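The values are calculated or read from the model by the stated rules, or taken from the named source; none is laboratory data. Quick caveat: nothing in here was measured; it's all calculated off a predicted structure. Here Cβ is always computed from backbone atoms with ideal geometry, including for glycine, and neighbour counts include all displayed protein chains. Accessible surface areas use protein heavy atoms only, side chains included; no ligands, DNA or RNA. Shrake-Rupley method; radii C 1.70, N 1.55, O 1.52, S 1.80 Å.
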Amino acid sequence: MAILMAFDTVFEQCSVAIVQDDTVLYHKTIAGNRGQTEIILEMVDEALMQTNLSLAQIDCLAFNRGPGAFSGIRINTAVVQALSVASDTPCVGVSSLAALADTACQNETFADNTVLSAVMDARQNQVYQGRFVIKHGALSTDADGKIIGDESLLDYDSPLIADVIVGDGASLVQHDNAKIVQVHPTAVDIARLGMTAYQQGQAVSADNALPVYLRDNAWKTLAEQGKA
């Protein structure tokens, strides 16, 4: 049986979960994106204490690798890389867009070949978009078990062709009567996808646990990003 610890600081929250295969041993989510660095480290200690586990007993570390808020991705990645180096534990990066889409599949039933687009507000008049296709009630995967999906930046006024749209960018894109689904993924959802990836041999070392920003200018100031 595998034990995995998962993290999310991308969806404007601090969320930590520990799962053993399909069983959630611990989960805590604190809403908000302030003081995440201090909060997430305290939550790691609490999670290990509450489950009577040591970091050495964790088989894999899963984290939300983006795209999304630059600071949230950076915190997620830095914490996981540090813990991975300290304990020689492999890592799995989980797409924020795949997490949105997969959580929607957990909450609702979709017909085969349903096109599901996950969209997140990227500011600067754009959204992050992930396009997925549903097969047998889940996101389509390739022969190696990896989720098939295209991730890109899309302008607010560009048309989005999809049957279902999930994410906070749903109201910002143009679409033709797509069904809008609201979900709020936590570290438990990151853990679900991370456990599958780990069991399929997709875990990597800390050096290869890399963030995904999609935008080359993620380092710009808040004013340049349209947040101020």
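Note that the stretch 1-121 shows a convex hull volume over its alpha carbon atoms of 115 Å³ per residue. Springs join every pair of Cα atoms under 10 Å in this Gaussian network model of the chain, and among V16, V85, V164 the largest mean-square fluctuation is at V85.
Give the percent of DSSP beta bridges with both residues in the chain that are antiparallel, rounded to the nearest 5. Here the share of antiparallel DSSP bridges comes out near 65 percent.
Counting only protein heavy atoms and a 1.4 Å probe, the stretch 14-152 has 45 square angstrom of accessible area per residue. Which percent of the Cα-Cα distances in the stretch 99-228 go past 21 Å? In whole percent, the share of Cα-Cα pairs in the stretch 99-228 beyond 21 Å is 46. The distance between label points at T141 and H184 comes to 2.9 nm (points 7 Å beyond Cα on the Cα→Cβ vector). Protection proxy ranking of 21-33, 3-15, 195-207, by the mean of other Cβ atoms within 10 Å over each peptide's residues and highest first, is 3-15, 195-207, 21-33.
Using a probe of 1.4 angstrom, how much of the accessible area of the chain is carbon and sulfur, in percent?
Of the solvent-accessible surface of the chain, carbon and sulfur hold 48 percent.
Packing here is the average count of other Cβ atoms within 10 Å per residue, and on that basis the peptides 185-191, 173-179, highest first, run 185-191, 173-179. Hey, what's the Kirkwood Rh for the chain if you take every pair of different alpha carbons, in angstrom? Evaluated over the chain, this radius sits at 17.7 Å. Along each principal axis, taking the top coordinate minus the bottom one, the Cα set of the stretch 94-135 gives 34, 18, 16 Å in descending order.
Each principal axis of the Cα cloud of the stretch 156-214 was taken in turn, and the coordinate range along them, longest first, works out to 42, 22, 18 Å.
The alpha carbons of the stretch 100-168 occupy a box of 36, 25, 18 Å along the principal axes, longest dimension given first. Ordered from largest to smallest accessible area (heavy atoms of protein chains, 1.4 Å probe), the residues R123, R65, R192 come out as R123, R192, R65. What do you get for the angle between helix 187-199 and the principal long axis of the chain? Use alpha-carbon atoms, 0 to 90 degrees, nearest ten. Approximately 80 degrees, to the nearest 10. Determine, at each q value in 0.12, 0.19, 0.24 (inverse angstroms), the log₁₀ of I(q)/I(0) that the Debye formula gives when each Cα of the stretch 62-135 is one equal point scatterer. So the normalised log intensities work out to -0.43, -0.84, -1.03. Dipole check for the stretch 1-89: with +1 at the C-beta of Lys and Arg, -1 at the C-beta of Asp and Glu, and the Cα centre as origin, the magnitude is about 280 Debye.
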